[in-house]
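Scroll down for the structure; my scribbles are underneath it.
The values are calculated or read from the model by the stated rules, or taken from the named source; none is laboratory data. Quick caveat: nothing in here was measured; it's all calculated off a predicted structure. Cβ: placed from backbone, ideal geometry, glycine included. Neighbour counts: every protein chain shown. Heavy atoms of the whole protein, side chains included, go into the accessibility calculation; ligands, DNA and RNA do not. Shrake-Rupley method; radii C 1.70, N 1.55, O 1.52, S 1.80 Å.
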Amino acid sequence: MAVSIAAIGPLHSHGFPSTEAGPKRTATYVNRSAPGFLEFAHALFEEPAPAFPGMHWFAAGARMKRVAVLISGRGSNLGALIEAGKDRSYPAAIVLVLSNRPDAAGLARARAEGIATAVVDHTRFGKDREAFERALQAELERHRIDIVCLAGFMRLLTPWFVRRWEGRLINIHPALLPAFKGLNTHERALAAGVKVHGATVHFVVPDMDSGPIIAQESLAIRDGDDASSLAARVLELEHRIYPKALKLVASGHIEMVDGECRSDLERDASGELILPKGN
Ligand code: GRF
């Protein structure tokens, strides 16, 4: 069964954790992505059994998916994922930020959060994409990564790498796929005169920007919009849907099966979350 989730409109009302809604949990906040935390939780609670108050939280920590975020630049989507991960019910912890560019601004954000970083500079590998990807793979294995999030990672990945991460590799794209694959999406949306634009999170498959769609959110193009005003508004959508999509994948509510999304979620009562086709 094919599944496509189109999250049209704000998704905060859909029961997913929000970094905006609800009281701040600063009193109980612990940086779960801090080096060593997951190892600590795993070691203590291999087979969790509630032995003392708060243990459920530690046990949940032990089951969290270990996520690497691959970036090439600014890292604002990385920031949104980091913020989402501070909710203690979030099922994923960012334990590695990996960049192909040593000067990527997002690396500093990761370090400031105590998250491990690595740089695999693609220029060292010339045209040998697979050698570059073997170096990426080595870092991901070293950090025992479960899920890889591409967030402004500006390298095309070969089938060799994509197949290794099938169903565990997701990407954010600044357009409503399958429209406007590739670069300069906002310019092309304006030139095409479309009235609706948006953002998509999808599983990565060997064909660029073509994998099964996990989440989308749209907006109306306004009179007077230019590429930069549009990019700014789409970026807000990106920051909302990426954490939600990662939550769906990390919790196992959405998975890629036979090249399609499969979900056990019910259609939302408001109808805003369109789930799955055929339901
Ligand atoms: C985002 O627009 C993302 O959709 C695209 O590249 C941009 C990265 O921005 N793939 P940031 O580095 O997350 O701020």
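Worth a mention:
- If you go through the range 178-200 and keep only what is crowded, with 18+ Cβ neighbours inside 10 Å and within 21 Å of Leu78 (Cα to Cα), you end up with Thr185, His186, Gly198, Ala199, Thr200.
- Check on Leu96, modelled with pLDDT of 95 or more, outside any loop (DSSP other than H, G, I, E, B) and more than 15 Å from the ligand (Cβ to nearest atom): yes
- Of all residues in the range 215-230 being surrounded by 17 or more Cβ atoms within 10 Å (Cβ to Cβ) and aliphatic (A, V, I, L, M), the one that is farthest from the chain's Cα centre (by Cα): Ile221
- For Thr123, the stated conditions hold: it is of a type in the set (Val, Ile, Thr), over 18 Å from the mean Cα position of the chain (by Cα) and open to solvent by 50 Å² or more (accessible area, probe 1.4 Å).
Okay, residues lined up against (1) open to solvent by 20 Å² or more (accessible area, probe 1.4 Å); (2) of a type in the set (A, V, I, L, M, F, W, C):
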site: Lys86; (1), (2): yes, no
site: Val97; (1), (2): no, yes
site: Arg155; (1), (2): yes, no
site: His173; (1), (2): no, no
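- Being surrounded by fewer than 18 Cβ atoms within 10 Å (Cβ to Cβ) and touching a helix residue (DSSP H, G or I) at 6+ places or on another chain (Cβ under 9 Å) is a property that Pro243 lacks.
- Single condition Phe153 does not satisfy, out of (1) free of Cβ contacts under 8 Å to residues at least 24 places away in the same chain; (2) within 16 Å of the ligand (Cβ to nearest atom); (3) touching a Ser or Thr at 6+ places or on another chain (Cβ under 9 Å): (1)
- Condition broken by Phe132, with the remaining ones in (1) within 14 Å of the ligand (Cβ to nearest atom); (2) among the hydrophobic types (A, V, I, L, M, F, W, C); (3) open to solvent by less than 20 Å² (accessible area, probe 1.4 Å) satisfied: (1)
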